[in-house]
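Data first, discussion second: the structure below is written as structure tokens.
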Amino acid sequence: FEPKIMYRTSVEEVPYGDFTVPLGKAAVVREGKDITLVGWGSQVGVLRQAAEEVEKNDGISCEVIDLRTILPWDVDTIAESVTKTGRLLVSHEAPLTAGVGAEIVSTISKECFLNLEAPPLRVCGADTPFPLVLEPFYLPRQSRVIAEIRNSLAF
């Protein structure tokens, strides 16, 4: 049940020897000042591409955070970023309802309420079963992320 698209699109340096990813510690993969984008797995690539596109076309600077682990998840890194940017967008492939993104938005809304410049947003899969052939329409894509980034900045 892993996103097979990552087999061909994810190319990064891999350390030699043993290494670990610390549980509950997110990674800021792109610094920014206007909005915080949070994702994990294949959505990190989608968020990075969207961030590059809106910076080039709209001058919007996006901070992209790779959550890396969803339980425990890194409240502090995200809260620090949202305090700086005043905006949050969470993207994941699971359905909108009852997804991990809802927990992130709820917690960050509570922790950063006085720093928010716009309502936190989620770009997720649809709340419906879908056949595999329609997966490209179901999964959150760069165009949907870009539209919501612009909506947040226009709030």
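Structure notes:
- Residue identified as of a type outside the set (Gly, Ala, Ser), assigned to a helix (DSSP H, G or I) and either under 27 Å from residue 24 (Cβ atoms) or at pLDDT below 95 (or both) among 64, 105, 90: 105
- Filter pass, residue 84 being surrounded by 14 or more Cβ atoms within 10 Å (Cβ to Cβ), of a type outside the set (Phe, Trp, Tyr) and farther than 17 Å from residue 145 by Cα: yes
- Count of the stretch 43-65 residues which are of a type in the set (S, T, N, Q), open to solvent by 20 Å² or more (accessible area, probe 1.4 Å) and either in contact with a strand residue (DSSP E or B) (Cβ under 6 Å, 6 or more places away or on another chain) or touching a residue at least 12 places away in the same chain (Cβ under 8 Å) (or both): 1
- Candidate set: the stretch 128-155, residues that are part of a loop (DSSP other than H, G, I, E, B) and open to solvent by less than 90 Å² (accessible area, probe 1.4 Å); chosen: the one nearest to residue 54 (Cα to Cα): 140
- Which numbered condition residue 17 misses (of (1) open to solvent by 40 Å² or more (accessible area, probe 1.4 Å); (2) farther than 25 Å from residue 111 by Cα; (3) of a type outside the set (Lys, Arg); (4) touching a residue at least 24 places away in the same chain (Cβ under 8 Å)): (4)
- Count of residues meeting criterion [crowded, with 19+ Cβ neighbours inside 10 Å and among the β-branched types (Val, Ile, Thr)] in the stretch 87-123: 5
The values are calculated or read from the model by the stated rules, or taken from the named source; none is laboratory data. These numbers were taken from a predicted model, which means no experiment stands behind them. Glycine gets a Cβ as well: all are built from the backbone with ideal geometry, and neighbour counts include every protein chain shown. Only protein heavy atoms, including side chains, enter the accessible area calculation; ligands, DNA and RNA are left aside. Shrake-Rupley method; radii C 1.70, N 1.55, O 1.52, S 1.80 Å.
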